[in-house]
Amino acid sequence: MTSAASSLFSERSSGVLLHPTSLPGPHGCGDLGEAAWQFVDWLASAGQSLWQVLPLNPVGPGNSPYQSVSAFAGSPLLVELRQLVERGWLAPHADPDFERGRSDYARATPHRMALLHDAWHGFRRLAGDGERHQLDEFRRQQSHWLDDYALFMTLDQRHGGPWNRWPTAFARREAGALRRLREEAADEIGFWYFVQWQFAQQWQALRNHAHARGVRIVGDAPIFVAHHSADVWANTPQYLLDGQGEPNVIAGVPPDYFSATGQRWGNPLYDWAAMRSDGYAWWHARLAHLLHSFDAIRLDHFRGFEGYWEVPAHHEHAMNGQWRAGPGHAFFDALHERLGPLPLIAEDLGMITPAVDDLRIACGFPGMRVLQFAFGDTPANPYLPHNYVPRTVAYTGTHDNDTTVGWWRRLGHREREAARRYLGPHADVEIHWAMIRALSQSVANAVVYPLQDVLGLDEAHRMNVPGRAEGCWEWRFEWRQVGDGPTARLAAVTQAHGRSTRPA
């Protein structure tokens, strides 16, 4: 199998990891507005050719984009409001005095959703025939997921979750009940169509701007979906659920670097045999949708496609699970046959066996290397840059790691000495730049740095702590933190090591 990611990363490249919610702006969390366009321009000015984001789906419990109500929908909180004002659908308004350095979801969510509702009613009153036709055409083209999503969100707003505790007629998707809902809740359902249309328009405009500046965007596909989601509600036979719609077993990982008791993710597991019987139609639709939005996709928890950790749903932690066989090479062959070469980056971190490596290599997908994992044992550690192979995407850290400065402050004596010996005298002075230089000099085709590491920010600016239910996914930067210094240094390092988009 030939991977499109292999050709996408055939040349040396460099990029930055930043989720759009971490962008500055006045509305309580980052969005697809002016700051996103400015960030693309900043990437280009720093010689960067990649912008990696986290899932753009609606956030779920704990504000996590990995526990979303839809694997297809864009987050309403990312829809930029000023454009709605400019189109005349939303009246000019004053925003509360939101905290600038954090995404204030508790206050921003009701504020932004109320304004989106106002914009929907403004659209209904004032939109021209052409705009109405555009919305109708979007709904038609995206109906394979959008209709179920709009119904699901309408019911969610009325009944809350989980979906399997809704009135039986809705939980079981009885045709008559759904038909009546479409009739009497047309305005509520129409709102969700409208928001997704605006998200799609804004995202594609931003992506076009990125392409014009020589920046490609790397998206993220969580392997599993949330139980309380339109995906599970609309496709229950393809998940391991009991007669009441509850998961029998759930997803997680055994004890690892991040957690001594493993991670109990809680997502329902796929019935891979049922998915195989229809040619993995849901996965085909999902990846086709993502490939319309991104230039490459980080495929989360690639290990789970070879073998996944199954945890009994009633267990409180993940220690007592068991390994089950994943769909393997046949799954990727089926997707390749329908979609062509797949521009996927395999997130192959954690407990990786030779069988997982064999699957990734056979599929032609680049793997990931994280430099923070490199200094615990011997020079043969695969995360040390001298052990990289060309088809690799290397990171100082990911959204699940501490910032490099925070990691360095907490590093044990033995690992710190190993890092000093490897990275040289600059490690003690500016560990983040020592790490960035080491990656940039490596043979990895692509290197990606969290923006926190480019700016040298400490642990207070960490994005996520795996297993922590609160206080994550909230970090935002401010432009005053960037300045000319980090921009010029990143551009210089990138240029020196043959990764820059800027002429010498």
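No value in this document is a laboratory result; all are computed from the given coordinates. This structure is a prediction, so every number in the text was calculated from the model and none was measured. Glycine also receives a Cβ, built like all others from the backbone with ideal geometry; neighbour counts cover every protein chain displayed.
Based on the convex hull around the alpha carbon atoms, segment 50-185 presents an average projected area of 10.7 nm². Only DSSP H runs of four or more residues enter the estimate; each adds -39500 (n - 2.57), and after division by the residues of the chain the mean residue ellipticity at 222 nm equals -12500 deg cm²/dmol.
Take every DSSP beta bridge with both residues inside the chain and express the antiparallel ones as a percent of the total, to the nearest 5. Counting only bridges with both partners in the chain, antiparallel ones make up about 35 percent.
Each residue of segment 394-403 was assigned a 3J(HN,Hα) from its phi angle through the Karplus curve 6.51 cos²θ - 1.76 cosθ + 1.60 (θ = phi - 60°); the sequence is 10, 10, 5, x, 10, 5, 8, 8, 5, 4 Hz, with glycine and proline shown as x. Applying the criteria of a DSSP loop state and at most 12 other Cβ atoms within 10 Å to the GluC sites (Glu not before Pro) of segment 286-348 yields Glu316. The H on the amide N of Gly307, modeled in the peptide plane, is under 5 Å from the matching H of Gly326, each at least 5 residues off or on a different chain.
Amide H contacts under 5 Å for Arg298: Gly219, Asp220, Ala221, Ile345, restricted to partners 5 or more places along the chain or on a different chain, H placed in the peptide plane at 1.01 Å from N. For the chain, a simple Cβ point-charge model (Lys and Arg +1, Asp and Glu -1, everything else neutral) yields a dipole of about 660 debye relative to the Cα centre.
A DSSP coil position with no more than 14 other Cβ atoms inside 10 Å describes the following GluC sites (Glu not before Pro) in segment 1-90: Glu11. Qualifying trypsin sites (Lys or Arg not before Pro) in segment 404-504, where qualification requires a DSSP coil assignment and no more than 16 other C-beta atoms within 10 Å, comprise Arg468.
Annotation for segment 140-215 versus segment 89-119: alpha-carbon center distance of 21 Å. Distances between placed amide hydrogens fall under 5 Å for Asn464 paired with Trp473, all partners being 5 or more residues away or on another chain. The orientation-averaged projected area of the convex hull spanned by the Cα atoms of the chain comes to 23.3 nm².
In order along segment 437-453, phi translates into HN-Hα couplings of 5, 4, 5, 4, 6, 6, 7, 3, 5, 10, 10, 9, 10, x, 4, 4, 6 Hz, rounded to whole numbers, per the Karplus curve 6.51 cos²θ - 1.76 cosθ + 1.60 with θ = phi - 60° and x for Gly and Pro. Rounded to the nearest whole Hz, the Karplus-based 3J(HN,Hα) values (6.51 cos²θ - 1.76 cosθ + 1.60, θ = phi - 60°) of segment 325-330 follow the sequence 6, x, x, x, 4, 4, with x at glycine and proline. Cα centroids of segment 430-454 and segment 465-488: 17 Å apart.
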